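J.: Next up is a structure, given as structure tokens.
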Amino acid sequence: MSYFPKFDEIKEFRIKLNITQSELAKAIGVSTNMIGQIETDRAKPSAENYKKIFEYLYQKSDKKETTLEEIWTTPLIFLTPGKTAQDAKDIFDGEQDIELLPVLTNDKERYLLGKITKKGLENYLEKNNREINNIMVQDILEESPAIIPHDTPKTWITKFLQQNNCVLVSKNGKITGIINYWDYMMKV
């Protein structure tokens, strides 16, 4: 697992999983009092204990819970750096109501380079007097969205979706899917 939630989410996840402070403390080798202090922000766990806490919570997540792999949007629609802004605009203006396109190296490797959003493209075109066919995707990249492993339980991405509107899903080191806020809400 490569995503570790914030300190203030420990209590939230522990309660959702019906795990007592005592059970969590025993599982990671600290006192119940220490778990209480961590949950009330009076103490910070060591990096090792932080990792142990979330690995334990992750393992205890309901194995029947829907994983990201089961809700991502397929097929993944993306751009490569050699495409033009016109290619992005054509997709955004299409019938699928897409607001964000990941930019990946190519269809085989699928390494993430960044993203282009509909709003970001519109803003760029308003501010720059350039022919849309002469603007390359690689020149207008925006910050990448979070990448989350495919087997992550869906409840673990709520905070990301509230802040970023989408997450990318990876499997075997490649970007294989995208989940936006609406995909998520439809499956909850």
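What follows is calculated from the coordinates using simple rules that are stated; it is not laboratory data. On a predicted model such as this, the values are computed, not experimentally measured, just so you know. So basically every Cβ, Gly included, is an ideal-geometry build from the backbone, and we count neighbours across all protein chains shown.
J.: Express as a percent, rounded to the nearest 5, the fraction of DSSP beta bridges in segment 68-187 (both residues included) that run antiparallel.
T.: 75
J.: Taking the Cα atoms only, what angle lies between the long axis of helix 47-60 and the longest principal axis of the chain, rounded to 10 degrees?
T.: Taking the Cα atoms of the chain, the angle to 47-60 is about 90 degrees.
J.: State the label only: which of [x] 313; [y] 133; [z] 144 corresponds to volume of the Cα convex hull per residue in Å³ computed from the shown model?
T.: [y]
J.: Check which residues have an amide H placed less than 5 Å from residue 114's amide H, if you skip close sequence neighbours.
T.: The answer is 103.
J.: Suppose the chain between residue 174 and residue 42 were pulled fully straight at 0.36 nm per residue; how much longer would it get relative to their current alpha carbon spacing?
T.: Full extension of this stretch gives 43.6 nm more.
J.: Now for a separate question. What is the dipole size for the chain, taken about its Cα centre, with +1 at each Lys and Arg Cβ and -1 at each Asp and Glu Cβ, in debye to the nearest 20? Could you put the intermediate results ahead of the total?
T.: Numbers: 26 positive and 28 negative charges, 163 e Å.
Here the size comes out at about 780 debye.
J.: Next question, about the same structure. Kirkwood Rh, Cα Rg: Rg to Rh for segment 7-60? Walk me through the numbers on the way to the answer.
T.: Values: Rg = 9.6 Å, Rh = 10.7 Å.
So for segment 7-60, dividing Rg by the Kirkwood Rh gives 0.89.
J.: Oh, and also: Return the calculated 222 nm mean residue ellipticity for the chain, to the nearest 500 deg cm²/dmol, obtained by summing -39500 (n - 2.57) across DSSP H runs with n ≥ 4 and dividing by the residue count.
T.: Rounded to the nearest 500, it is -10000 deg cm²/dmol.
J.: If the limit is 26 Å between Cα atoms, which of 119/159; 118/159; 51/108; 51/159; 26/174; 83/159 go over it?
T.: In this structure, 51/108; 26/174; 83/159 exceed 26 Å between Cα atoms.
J.: Still on this structure, please answer the following. Report the trypsin sites (Lys or Arg not before Pro) located in segment 86-142 that are in a DSSP loop and have at most 16 other Cβ atoms inside 10 Å of their Cβ, or state none.
T.: 108, 130
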